[in-house]
Amino acid sequence: MKQKTNKKLIIGVVVIVLALVVFLVAFSQSSTQYFMTVEELQAQSAELTGKKVRISGAVLGDSIQYDAANLDLSFEIAQMPGDHREIEKMGGMAKVLEDAVAAAKADASIPRLTIKYYGVRPDLLKDEAQAIVTGFLDENGVFQASELLLKCPSKYESALPEQAGE
């Protein structure tokens, strides 16, 4: 009788552990936040127009326009790498943001995208900030943002001299 109880207990524990493993794997995959680059979005614009996507880019500070009375915000983001390993190889986030903005200012052929957002202007919206934006691309090629996340470049500045090899 005791062996049957032990077998049932072991089987029950194994089933619970397997269920937890399946749950953790499914949860970790669904919470992974992938975002497209400006270049990827523009390359797939025909298929993605009107569909909800998340993109990332470097904010071009001189493009920021804000109408406080109507809560109408627009700005451009420039192409930057989307792969964290590539960003580290290029000298880290601060260096990548600085280089992406400088390249976009120097070369009009660098992919950039206009972002429209209706709401209060975020304090972190500055030149060389990383913008992660959720929304959709409209028929005119303007990204209509519903969510706006900004990572301030000053967060990375203390690491810049070390990353740049100075």
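The values are calculated or read from the model by the stated rules, or taken from the named source; none is laboratory data. Small disclaimer: the values here were computed from a predicted structure and weren't measured. No Cβ is skipped: glycine too gets one built from the backbone with ideal geometry, and neighbour counts run over all protein chains shown.
If the requirement is being among the hydrophobic types (A, V, I, L, M, F, W, C), assigned by TED's automatic domain parsing to the domain that holds residue 42 and at pLDDT below 90, which of these qualifies: 64, 77, 110? Break it down into steps so the answer makes sense when it comes.
Values: 64 fails: at pLDDT below 90; 77 fails: at pLDDT below 90.
Only one candidate qualifies: 110.
Quick check on my filter: what residues within the stretch 67-105 are closer than 15 Å to residue 144 by Cα and of a type outside the set (A, V, I, L, M, F, W, C)?
In the first step, residues of the stretch 67-105 are kept if they are closer than 15 Å to residue 144 by Cα; the result is 71-77.
Of everything in the stretch 67-105, those that are closer than 15 Å to residue 144 by Cα and of a type outside the set (A, V, I, L, M, F, W, C) turn out to be 72, 74, 76.
Each row is one residue, and each column tells you yes or no for (1) loosely packed, with under 15 Cβ neighbours inside 10 Å; (2) farther than 14 Å from residue 111 by Cβ.
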| residue | (1), (2) |
| --- | --- |
| 36 | no, no |
| 51 | yes, yes |
| 59 | no, yes |
| 68 | yes, yes |
| 73 | no, yes |
| 83 | yes, yes |
| 87 | no, yes |
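Go through (1) of a type in the set (Ser, Thr, Tyr); (2) modelled with pLDDT under 85; (3) surrounded by 11 or more Cβ atoms within 10 Å (Cβ to Cβ) and name the single condition residue 32 misses.
All conditions pass for residue 32, except number (3).
Being small (Gly, Ala, Ser) and without any contact (Cβ under 8 Å) to a residue 40 or more places away in the chain is the filter here; which residues of the stretch 128-145 pass it?
Pass one, the stretch 128-145, residues small (Gly, Ala, Ser): 129, 131, 135, 141, 145.
Once the filter is applied, which keeps residues that are small (Gly, Ala, Ser) and without any contact (Cβ under 8 Å) to a residue 40 or more places away in the chain, the stretch 128-145 yields only 145.
Sort out which residues of the stretch 128-146 are farther than 19 Å from residue 82 by Cα and in a loop (DSSP other than H, G, I, E, B), and write them in order of number.
Result: 138, 139, 140, 141, 142.
Give me the helices (runs of 4 or more DSSP H) completely within the stretch 13-127, filtered to those with at least 1 residues that are in contact (Cβ under 8 Å) with a residue 60 or more places away in the chain and under 20 Å from the mean Cα position of the chain (by Cα), ordered by residue number.
On the way: elements: 38-43, 45-48, 84-89, 93-106.
Correct list: 38-43, 45-48, 93-106.
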